[in-house]
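Student: Sharing a structure here in structure tokens format.
None of the figures in this text is laboratory data; all of them are computed from the coordinates on show. Predicted model, so just to flag it, every value in this text is computed and none were measured. Here Cβ is always computed from backbone atoms with ideal geometry, including for glycine, and neighbour counts include all displayed protein chains.
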Amino acid sequence: MPLFCAENWPRKVQSVFTKSNLEPSPSLSCIYPDSKINEYKDSSLQKNVKWRHKFVVTLLICHCGLQIFLPYSHFITKGFNNWTNGLYGYSWDMMVHSWDTILVVVKVVDNNSRKEFFIDSEAWTQNDRWNKHADMCVQYAQCLKKNLLQDLKKETQISPYTKDFSNHITSENISIYVDVWCSLNKRFQQRMYDPNYDLLQANWSPFRSVEWLLPVLTELNDFRMTMNEIIEEVYSWSNQSDVLFIADFPGLFLENFIDKDLQNVTLTVLEGAVVYEIEDRDTFQSLGVTLKKGESVPIEVGLFHKIHTISEVPSCYMYTFIREEKVDVKPAENKRVMYSPFPLVEDVQDRLESFVRMWCHIGNSILYILFGKPYHLRPKIKSDK
């Protein structure tokens, strides 16, 4: 990179193509001492500080002061604070924290038909950064409503006489709720936002604290040593054993589904009191079991269940389970690894294809902004894969 080269590298490169004088000459915009002025008497070099020099220095001081102030501006921009303070990208400790998100539930409620729809949290997004920031969650909800209404408009245009909209919303009167389960710095997995707060009616301001943001359960920090001891014990069972720690607020519940690939799933309460609710397969009635600190119950796999927190203090519990080891049933003799005779050529070809594909994506974005419709530019590259 030119950044790590000598300061005179442009003149060296230019000397290859021209024979003109490339020696550095003094600039009329700079300030020089008397010795330099006497050396270049014919150039009228400046000695005194002019107003434009003061203006440039003032701008540089203001810029440096702004960069120093922004990491500490979270007391002003309260609407951009989450579990960590500061604007995204301007907080000095943004790379220190570790985030582990296990569940993001996006629920859309049609207030006319009272039907609930669950949306893939990765729909219409390129990454999962939005679910860690309240302001981005509001933007996501507005974007989601816009896209759902566009889909509804298309459906009504295609089949205007069809009244069966069981898989679609029926009007603009909808509500959107987001439930994010995340762990900050290896704490318990817990809710980040109030799951009963309608983001389309969010009262958000960049200068006020986010009213639907739930606090970090710092009172459970003393469990970290206990969690490490439990992790060591569970990992000693087998190579496939694992544990998941969860904490929840009073009056809320977690609805969870246990996949059939998991075995020996057990729920153990570490603090507080919960009710383990599951639906009976024969009577289709809900059955509840109350669990207090230190009590455990086996969990049925392949079914939904709910964990209600009924204690006055936040509850914390854990799932212990064993993952089913997947065995490759294909015979080893049928596997053949093909090695390329020219790996460097294929690597360069892959990089060129990625480069062309990148510019096609940029072109598609520009066309979408200009015309409001998706136009797809496809690279004309033939691949043997």
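Student: Okay, which of the range 192-216 sit inside 11 Å, backbone N to the point 7 Å along the Cα-Cβ direction of N85?
Tutor: No residue qualifies, since no backbone N sits under 11 Å from the label point.
Student: Output the pairs from K154/K306; K78/K154; K115/K154 with a Cα-Cα distance over 29 Å in this structure; if there are none, say none.
Tutor: Among K154/K306; K78/K154; K115/K154, the Cα-Cα distance tops 29 Å for K154/K306; K78/K154.
Student: Calculated FRET efficiency, T283 and E346, Cβ-Cβ r, R0 56 Å, to nearest 0.05?
Tutor: After rounding, the FRET efficiency stands at 0.35.
Student: If r is the Cβ-Cβ distance from K54 to N173 and R0 is 51 Å, what FRET efficiency results, to the nearest 0.05?
Tutor: On the way: r = 59 Å, r/R0 = 1.17.
Rounded to the nearest 0.05, the efficiency is 0.30.
Student: For H63, H308, what ranking results if the residue with the fewest other Cβ atoms within 10 Å of its Cβ goes first?
Tutor: H63, H308
Student: Taking neighbour counts of Cβ atoms within 10 Å as a proxy for exposure, in what order, fewest first, do C143, C182 appear?
Tutor: Sorted ascending by nearby Cβ count, the order is C143, C182.
Student: A further question follows. Could you tell me the center-to-center distance, by alpha carbons, between the range 1-80 and the range 109-153 in angstrom?
Tutor: Measuring centre to centre over Cα atoms gives 48 Å.
Student: Apply the Kirkwood formula to the range 224-323: the hydrodynamic radius equals the inverse of the mean of 1/r over all pairs of different alpha-carbon atoms; give it in Å with one decimal.
Tutor: Details: mean 1/r = 0.0713 Å⁻¹.
It works out to 14.0 Å.
Student: I'd like the FRET efficiency for S209 and L3, computed as 1/(1 + (r/R0)^6) with the beta carbon distance as r and R0 of 45 Å, rounded to 0.05.
Tutor: Numbers: r = 41 Å, r/R0 = 0.92.
Efficiency, rounded to the nearest 0.05: 0.60.
Student: How high is the relative contact order of the range 224-323? Use alpha-carbon pairs under 8 Å, at least six apart in sequence, and give a whole percent.
Tutor: The value is 43 percent.
Student: Which of rounded, prolate or oblate describes the chain when judged by the alpha-carbon gyration tensor and an a/c cut-off of 1.5?
Tutor: prolate
Student: Normalising by the residue count of the chain, find the relative contact order in percent from Cα pairs under 8 Å and 6+ residues apart. Don't jump to the answer; show the numbers that get you there.
Tutor: Working: 501 pairs, mean separation 43.1, N = 385.
Relative CO of the chain lands at 11 percent.
Student: Nearest 10 degrees, 0 to 90: what angle lies between the long axis of helix 224-235 and the longest principal axis of the chain (Cα atoms)?
Tutor: 70
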